[in-house]
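The values are calculated or read from the model by the stated rules, or taken from the named source; none is laboratory data. Worth saying up front: this structure is predicted, and the values here are computed from it rather than measured. Every residue, glycine among them, receives a Cβ derived from its backbone with ideal geometry; neighbour counts consider all protein chains shown.
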Amino acid sequence: MEPLISVTELADALDAPGAQDAITLLDVRWQHGGAPGRPLYAQGHIPGARYVDLDAELAAPPGPAGRHPLPDLADFGAAMRRAGVSGDRDVVVYDDWQTWGAARAWWLLSWAGHSRVRVLDGGLGAWNAAGRPLSTEEPAAGGGDFVPRPGALPLLDADGAAALARRGLLFDARAGERYRGEVEPIDRVGGHIPGAVSAPTMDNYRPDGRFLDPAALADRFAALGAKDGTEVGVYCGSGVSAAHEALALAAAGIPAALYVGSWSEWTADPTRPIATGPTPG
């Protein structure tokens, strides 16, 4: 299944007979340092969507494993069942900020074995721009049967990320100035994993928030070294925007492993090496 769905495709699917039994909608509004997502959801969401809290349900508490570690599988499964996720139902996820929250949900569900998850291209902004309706009615919780079975997507730990940077291609999805070590507004120190290549998520999408088309994404990643047969991985600050990069890579037809702990875990250990400056070459 393609990882992205357009507003037109989603609207047509929701208007089709039996849509309530065929599609689970998840609102994953979240942004770093921004307003909580649930009040925004309550003010208006795509009809039928249930709210999912990224910090509470798509991540474990921050600590040595990073700012957004993998959630406890039992807790994650219970949260997804409360949100109506079932193994035999399509899932569409969206947010209202750069697709980061939605991409995190897409990656986690896909990694945990759900094979029918897509992200609304352009998010709530594209839905609103198309004049589609919103609702303040919250569906009842529950009804899902999803049980996580992790391993459907490749996962990296710190040692695996370091090794991949040496033998393959490890993308750093953060802003270029953080990669280069010029600024670091969040984590202990700036810079990047030695051997990683700068590939900011901001270059994956158009000004209106929709992703570049698959061919353009493929060209972008090829120019950064993702040739046929190259093993690819990606990380960011805390594993959230890296999921966005993994989504863009999937849309381009390029499989990629995700280092969930990312820079926040890497720098929690002062013995790990840190590189600064631009991508070599």
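Can we say ALA257 is aliphatic (A, V, I, L, M), under 20 Å from PRO71 (Cα atoms), in contact (Cβ under 8 Å) with a residue 60 or more places away in the chain and surrounded by fewer than 24 Cβ atoms within 10 Å (Cβ to Cβ)? It is true that ALA257 is aliphatic (A, V, I, L, M), under 20 Å from PRO71 (Cα atoms), in contact (Cβ under 8 Å) with a residue 60 or more places away in the chain and surrounded by fewer than 24 Cβ atoms within 10 Å (Cβ to Cβ). Reported count of residues in the range 263-281, each being out of contact with any Gly (no Cβ under 6 Å at 6 or more places or on another chain) and surrounded by fewer than 16 Cβ atoms within 10 Å (Cβ to Cβ), is 9. Would you confirm whether or not the range 72-81 contains a residue that is surrounded by 23 or more Cβ atoms within 10 Å (Cβ to Cβ) and within 20 Å of ALA141 (Cα to Cα)? Yes, the range 72-81 contains at least one residue that is surrounded by 23 or more Cβ atoms within 10 Å (Cβ to Cβ) and within 20 Å of ALA141 (Cα to Cα).
Taking the stated definitions as given, is ILE193 surrounded by 20 or more Cβ atoms within 10 Å (Cβ to Cβ), under 14 Å from SER262 (Cα atoms), touching a residue at least 40 places away in the same chain (Cβ under 8 Å) and β-branched (Val, Ile, Thr)?
Yes.
Scanning the range 75-87 for residues that are touching a residue at least 12 places away in the same chain (Cβ under 8 Å) and not aromatic (Phe, Trp, Tyr) yields ASP75, GLY77, ALA79, MET80, ARG81, ARG82, ALA83, GLY84, VAL85, SER86, GLY87. Hey, among the residues in the range 178-190 that are within 16 Å of ALA242 (Cα to Cα) and at pLDDT 95 or above, which one's surrounded by the most Cβ atoms within 10 Å (Cβ to Cβ)? Looking at the filtered set, the residue picked out is TYR179. Taking the numbered list (1) crowded, with 22+ Cβ neighbours inside 10 Å; (2) modelled with pLDDT under 95 in turn, ASP228 passes all entries but (1). The helices (runs of 4 or more DSSP H) falling completely within the range 77-183 that include 3 or more residues that are over 19 Å from LEU212 (Cα atoms) map to 100-111, 158-167, 176-180. On the basis of being closer than 22 Å to PRO3 by Cα, in contact (Cβ under 8 Å) with a residue 60 or more places away in the chain and either in a helix (DSSP H, G or I) or of a type in the set (D, E, K, R) (or both), does ALA243 make the cut? Here the answer is yes, as ALA243 does meet what is asked.
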